[in-house]
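The values are calculated or read from the model by the stated rules, or taken from the named source; none is laboratory data. Quick caveat, the model's predicted, so the values are computed rather than measured. Here the Cβ is made from the backbone with ideal geometry for all residues, glycine too, and neighbour counts use every protein chain on show.
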Amino acid sequence: MKQLMIAVCIALTGCAQLMKGEQQPVKMLDAKQQIYMTSCSGAVENWPDCHGKAKKTCPNGYDETAKSESPVGGKRELTFRCR
């Protein structure tokens with residue numbers, strides 16, 4: 001019974017980590033032009049999550065420069081430039 005409880009706790013901790021989309025950071029690609037890239041891949045995150053990260057990074061708005069999505073594995077990447 002004790003081992004079952006430990007296994008359940010570990011599983012719940014893993015699920016909680018998956019729900020934290022902010023763990024996939026925004027990366028600066030070009031500091032001079034303020035170009036960034038973020039990923040919102042997997043089953044937990046989606047395009048609104050990517051756009052939310054862009055809004056947090058660029059308080060004055062942003063322009064989308066590239067957007068890519070892989071049909072296999074749900075890999076999504078958004079490249080954007082702050083205004």
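For region 42-83, which positions are basic (K, R) and not in a loop (DSSP other than H, G, I, E, B)?
K53, K55, K56, K67, R76, R81, listed by residue number.
For the condition exposed (fewer than 11 other Cβ atoms within 10 Å of the Cβ), at pLDDT 85 or above and either in contact with a helix residue (DSSP H, G or I) (Cβ under 9 Å, 6 or more places away or on another chain) or hydrophobic (A, V, I, L, M, F, W, C) (or both), what is the one hit in A31, A16, A7?
Exactly one of A31, A16, A7 is exposed (fewer than 11 other Cβ atoms within 10 Å of the Cβ), at pLDDT 85 or above and either in contact with a helix residue (DSSP H, G or I) (Cβ under 9 Å, 6 or more places away or on another chain) or hydrophobic (A, V, I, L, M, F, W, C) (or both), namely A31.
Which condition from (1) exposed (fewer than 12 other Cβ atoms within 10 Å of the Cβ); (2) in contact with a strand residue (DSSP E or B) (Cβ under 6 Å, 6 or more places away or on another chain) is the one that G61 breaks?
In the conditions (1) exposed (fewer than 12 other Cβ atoms within 10 Å of the Cβ); (2) in contact with a strand residue (DSSP E or B) (Cβ under 6 Å, 6 or more places away or on another chain), G61 misses (2) alone.
Give all pairs with beta carbons closer than 8 Å in which a residue from region 25-38 that is touching a residue at least 24 places away in the same chain (Cβ under 8 Å) and at positive phi meets a residue that is surrounded by 12 or more Cβ atoms within 10 Å (Cβ to Cβ) and outside any strand (DSSP E or B); count only pairs at least 6 apart in sequence or on separate chains.
If the second residue must be surrounded by 12 or more Cβ atoms within 10 Å (Cβ to Cβ) and outside any strand (DSSP E or B), the pairs left are Q34/C58.
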